[in-house]
Amino acid sequence: MQNAQLKKILIITCCLLVGVGVVFIRWYIKSNIDRHSVYYVRNISHDRDAHPEFAMLLDNIDSMEQPEKKKVRYKLESGASGVFSDRFYIYNGANALNDEEPILFKEDDFDGDAYVYHDNRGRIYTFDKTFKVRSAYDYKNHADIDIKTIDQKALCDEIYKDFGFLIKANDKKPMINLQWLFNKKYYKRFN
């Protein structure tokens, strides 16, 4: 009788330990991939005009390091609309021009996620899920900008000038490298 009870306790204990182990491993894998997604995405092949490190940064901003930098503000959207959105704004007042700060944020739209960059000259650029330019608008002149006329390299250089410090701060090699798992999950998105 005592052996049967001991067996039951041992089986229950083993099941609990396996369950806790599985939950811990799943949590660790998710947090590792989220926290190191900038590193992983920089080591995956992607289209020439795509800049997926900004997409990963904005997708996982709550897991990312947000370095203190003079005149840079990180702000979660507040108010009634903020309750239902995961919109997170990054303002760089250090690169303001005529009281206009560059702003970078993720926005939910009808096509899924979109990433938005407001420059300090009155232009808004919207990017798709791979961080390729999808549309552009000059709100000072109230006119759409033909994306074929945009110098993609110059635009990306400008975004890196304004927000590249976030990429540098989060481009750290993880202790346990799960690049293969990241590639399995995101390869189709960026290619």
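Out of the residues in the stretch 61-94 meeting the condition of being surrounded by 13 or more Cβ atoms within 10 Å (Cβ to Cβ) and of a type in the set (Ser, Thr, Tyr), tell me which one is modelled with the highest pLDDT.
Once the filter is applied, the top-ranked residue is 91.
Could you list all residues from the stretch 151-180 that are open to solvent by 40 Å² or more (accessible area, probe 1.4 Å), of a type in the set (A, V, I, L, M) and farther than 19 Å from residue 103 by Cα?
175, 176
Which of the residues belonging to the stretch 155-182 are more than 18 Å from residue 51 (Cβ to Cβ), touching a residue at least 12 places away in the same chain (Cβ under 8 Å) and not in a loop (DSSP other than H, G, I, E, B)? Working first, answer last.
Within the stretch 155-182, the subset more than 18 Å from residue 51 (Cβ to Cβ) is 172-181.
Next, from what is left, pick out any that are touching a residue at least 12 places away in the same chain (Cβ under 8 Å): 172-174, 176, 178-179, 181.
Passing the criteria: 179, 181.
I want to confirm something. Restricting to the stretch 1-48 and keeping residues that are in contact (Cβ under 8 Å) with a residue 40 or more places away in the chain and among the basic types (Lys, Arg), which single residue is surrounded by the fewest Cβ atoms within 10 Å (Cβ to Cβ)?
Restricting to residues being in contact (Cβ under 8 Å) with a residue 40 or more places away in the chain and among the basic types (Lys, Arg), the top hit is 42.
All but one of (1) under 19 Å from the mean Cα position of the chain (by Cα); (2) surrounded by fewer than 16 Cβ atoms within 10 Å (Cβ to Cβ); (3) among the charged types (D, E, K, R) hold for residue 144, so report the exception by its number.
(1) is the only condition that residue 144 fails.
The values are calculated or read from the model by the stated rules, or taken from the named source; none is laboratory data. Not measured: the values here are computed from a predicted model. Methodologically, a virtual Cβ is constructed for each residue, glycine included, from the backbone with ideal geometry; neighbour enumeration extends over all protein chains shown. Side chains are part of the model used for accessible areas, which takes the heavy atoms of the whole protein and leaves out ligands, DNA and RNA. Shrake-Rupley method; radii C 1.70, N 1.55, O 1.52, S 1.80 Å.
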